[in-house]
Amino acid sequence: MNTVLVTGGSGYIGSHTVLQLLEQNKNVIVFDNLSNSSLESLNRVSEITGKRAEFIEGDIRDTDALGDVFSKNDIDAVIHFAGLKAVGESVEKPMLYYENNVYGTLNLCNVMAQHGCKNIIFSSSATVYGDPAALPLHEGLPTGQPTNPYGQSKLMVELILKDICNADNDWNVVLLRYFNPVGAHPSGRIGEDPNGIPNNLMPFITQVATGKLKQLSVFGDDYNTPDGTGVRDYIHVEDLANGHLKALDKIASKAGLFTCNLGTGQGYSVLDMVKTFEAASGQKIPYVIAPRRSGDVASCYADPALAAKELGWKAEKGLKEMCEDSWRWQSNNPNGY
Ligand code: NAD
Ligand code: UFG
């Protein structure tokens, strides 16, 4: 697995993964339409590693552009991050989400098959479990009913990739179900750079800490959780990125279809996150209790045992490090890239 095509590689998780691939001396090609990222992320990855990924600006829905990349390079595997991920926007623009995330992936797989590259790692999400049938969430549980088109698009792509794998034994597919990625590279040079007002908890908190946003709204304090606020499995983006390198090894062993959680196994509440962030940053985070956000579940955390057994992977970094690294990135780059 020497030459890897990384779709969406200039984004948040992609850039941290590209960094680790370069550190492992892989030949990396990034294919991204820059719809939700900046090329500056990859410039900084080069600055940190002293190595460069080839960058191609293109859209996964563009068959010719993708075909060109496969014609010119001998690609061993694809790590497929490219996709739109804003839950609220997906409710307003379902067609855009299905076209970008579902059709885009189908197009990518078609081009891959035409060029004899049948190895893919897909960025799925814990959202495919829907409202948890049991906790911790393990891969043996049935998938549920995601509450929005974004989540549905992840589940649809999982089903499509499973069928592709069932129909043709040459395919090796790893479906990675991420829990809640946070944190940044410890250099503070790359990190999460959302457009506009963040939807997710950690970037919202860091922007309150810089003074860009006034206060955090805690969405509900009447859940059936220890302090009444929502519980999630936050995972450091560097640990998450490392999971993809392990998944490449799995693909090299010709594993066929493999579905796996990437989480820590530890759930933390919104208020745990606020307290830990305050301690790690020395900044006060003013907050108010607001109504529940529609579509949110009370608790969601992983059983990470399968990743340990089959990938030899385990999350190493705790909540304190996640908060420290997120804060270093945000305070050094208050306006992002
Ligand atoms: P991101 O938005 O930072 O990165 C996605 C990248 O894909 C961006 O650089 C964007 O420009 C690119 N892109 C989008 N549509 C494209 C297209 N049609 N053609 C080419 N490039 C395109 O998001 P991220 O947080 O790094 O997430 C990466 C992947 O992981 C996404 O598929 C996302 O759905 C999935 N995921 C993310 C989370 C999370 O909380 N961050 C959780 C679960 C799953
Ligand atoms: N929260 C707040 N206030 C905010 C933002 C979030 O109280 O301003 C709370 C939420 O209610 C939830 C927790 O913080 O209890 C985490 O919320 P996030 O939006 O950060 O994350 P979610 O778990 O809702 O969603 C994330 C990704 C989705 C993915 C899902 C499941 O954003 O893409 O995990 O994997 F589908």
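The values are calculated or read from the model by the stated rules, or taken from the named source; none is laboratory data. All values derive from a computational prediction rather than experimental measurement. Positions of Cβ are generated from backbone atoms using ideal geometry, with glycine treated the same way; all protein chains shown enter the neighbour counts.
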Checking the condition within 12 Å of ligand 2 (Cβ to nearest atom), aliphatic (A, V, I, L, M) and within 30 Å of TRP313 (Cα to Cα), which residue from ILE197, ILE235 passes?
ILE235
Confirm whether SER153 is within 13 Å of ligand 1 (Cβ to nearest atom), part of a strand (DSSP E or B), at pLDDT 95 or above and not charged (D, E, K, R).
no
Quick one: how many residues across the stretch 262-307 are more than 14 Å from ligand 2 (Cβ to nearest atom), in a loop (DSSP other than H, G, I, E, B) and over 19 Å from the mean Cα position of the chain (by Cα)?
3
Which one of the conditions (1) buried (at least 21 other Cβ atoms within 10 Å of the Cβ); (2) of a type outside the set (Val, Ile, Thr); (3) in contact (Cβ under 8 Å) with a residue 40 or more places away in the chain does PRO146 fail to meet, given that it meets all the rest?
(3)
Residues satisfying the stated conditions in the stretch 109-132, i.e. more than 20 Å from SER299 (Cα to Cα), within 14 Å of ligand 1 (Cβ to nearest atom) and either under 18 Å from the mean Cα position of the chain (by Cα) or free of Cβ contacts under 8 Å to residues at least 24 places away in the same chain (or both)
ILE120, ILE121, PHE122, SER123
For the stretch 98-128, enumerate the residues that are buried (at least 19 other Cβ atoms within 10 Å of the Cβ), out of contact with any Ser or Thr (no Cβ under 6 Å at 6 or more places or on another chain) and not hydrophobic (A, V, I, L, M, F, W, C).
ASN100, GLY104, THR105, LYS118, ASN119, SER123, SER124, SER125, THR127
Across the stretch 16-59, the tally of residues that are small (Gly, Ala, Ser) and more than 10 Å from ligand 1 (Cβ to nearest atom) stands at 3
If I ask for residues that are in contact with a Gly (Cβ under 9 Å, 6 or more places away or on another chain) and over 30 Å from ILE120 (Cα atoms), which ones from the stretch 227-273 would you list?
GLY228, THR229, GLY230, VAL231, SER269, VAL270, LEU271
For the stretch 308-330, give me each residue that is among the aliphatic types (A, V, I, L, M), within 18 Å of the chain's Cα centre (by Cα) and in a helix (DSSP H, G or I).
LEU311, LEU319, MET322
Is it the case that the stretch 216-238 has a residue that's surrounded by fewer than 16 Cβ atoms within 10 Å (Cβ to Cβ), modelled with pLDDT under 95 and either under 19 Å from TRP327 (Cβ atoms) or away from ligand 1 (no atom under 12 Å from the Cβ) (or both)?
no
Can you confirm whether the stretch 165-179 contains a residue that is modelled with pLDDT under 95, within 11 Å of ligand 1 (Cβ to nearest atom) and either in a loop (DSSP other than H, G, I, E, B) or surrounded by fewer than 22 Cβ atoms within 10 Å (Cβ to Cβ) (or both)?
no
Tally, over the stretch 308-331, of residues that are away from ligand 2 (no atom under 14 Å from the Cβ), farther than 15 Å from LEU240 by Cα and in contact with a strand residue (DSSP E or B) (Cβ under 9 Å, 6 or more places away or on another chain)
1
LEU135: passes all of (1) outside any helix (DSSP H, G or I); (2) among the hydrophobic types (A, V, I, L, M, F, W, C); (3) away from ligand 2 (no atom under 16 Å from the Cβ); (4) over 19 Å from the mean Cα position of the chain (by Cα) but (3)
Is it true that ASN25 is within 16 Å of ligand 2 (Cβ to nearest atom) and not in a strand (DSSP E or B)?
no
Looking at ILE13, ILE79, which is the one that is in contact (Cβ under 8 Å) with a residue 24 or more places away in the chain, in contact with a Pro (Cβ under 7 Å, 6 or more places away or on another chain) and within 14 Å of ligand 1 (Cβ to nearest atom)?
ILE13
